[in-house]
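Undergrad: Here it is, the structure, as structure tokens.
Any read-out appearing in this document is the output of simple, stated calculations on the displayed coordinates, not a laboratory observation. All figures in this text were calculated on a predicted structure; none of them were measured in a lab. As a convention, Cβ positions derive from the backbone with ideal geometry for all residues, glycine included, and neighbour counts pool all protein chains shown.
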Amino acid sequence: MNKKVFFALAVLVLVVLACTFTPVTNPTAQPTAGGGGNSQPIVPSSPSIPDATSRPTVSANTGISRILDYEADPIWGPTDLQRGFSPDPRVVGLGSDGIVDTSATNLACGFTTNAPTFAFNLSGGASEGFLRIYFVSSDAGMDATLIVHTPNQEWICKDNSSNGSGADPVIDIEYAASGKYAVWVGTQQSGASVLGMLNITQSAANTP
């Protein structure tokens, strides 16, 4: 074979090989957690789903507590009472507006506010004793109502006194447990305001 022809064929083969050959290169280094060459690349984490125990729970008496929030800060108070407190009765001047209709609950005790009108914490003593809560309106013509949520998760509603002392609402708790008592003062008239004195006593002799 002619040397010139052989040389031309050799050059052509080299050109073809050069066009089809793909060099192997190192991939671009990924950012690493530790900065070292052998560390694994950082992988973005997925948003975590809250554990069931960390989710807010719905309290008992859901239907009522959505309208009357006994965990909300009271409009008046709170205060702490030890069993055997003095003076007795403990008297608190306060007022309330008839904004929330309680007929949406099984209480149906007129109109009041979402947050408690007043709240107190009862403690002390070796046993549970008698407790009376009553409200005396400053307007004799006002038909006031009274609602109490007890530490035992019990709802109590009174429109008028049950002991024949008149229209002022009275709630008696024979065995009052220690803990938080949330109290709502209300009225039978929507949008009306009621002012008066809330009384807390340990004596059945104290009446409106």
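Undergrad: Translational diffusion coefficient of region 79-201 at 20 °C, 1.002 mPa s, Stokes-Einstein with Kirkwood Rh over Cα pairs, in µm²/s as a whole number.
TA: For these conditions, the coefficient is 148 µm²/s.
Undergrad: Which shape class applies to region 133-208: rounded if a/c is under 1.5, otherwise prolate when a/b exceeds b/c and oblate if not, where a ≥ b ≥ c are the square roots of the Cα gyration tensor eigenvalues? Don't jump to the answer; show the numbers that get you there.
TA: Details: a/c = 2.11, a/b = 1.40, b/c = 1.51.
Oblate is the answer for region 133-208, as a/c is 1.5 or above yet b/c matches or exceeds a/b.
Undergrad: Suppose each label sits 7 Å from its Cα in the direction of the beta carbon; what would the residue 90-residue 106 distance come out to in nanometres?
TA: 3.0 nm
Undergrad: Something else about it: Among the DSSP beta bridges whose two residues both lie in region 79-201, what percent are antiparallel, rounded to the nearest 5?
TA: 90 percent
Undergrad: How would you rank 117-123, 66-72, highest first, on the average number of other Cβ atoms within 10 Å across their residues?
TA: Top of the packing list down: 117-123, 66-72.
Undergrad: Stretched out fully, how many nm does the piece from residue 204 to residue 174 gain, at 0.36 nm a residue minus the Cα gap?
TA: Difference between extended and current length: 9.8 nm.
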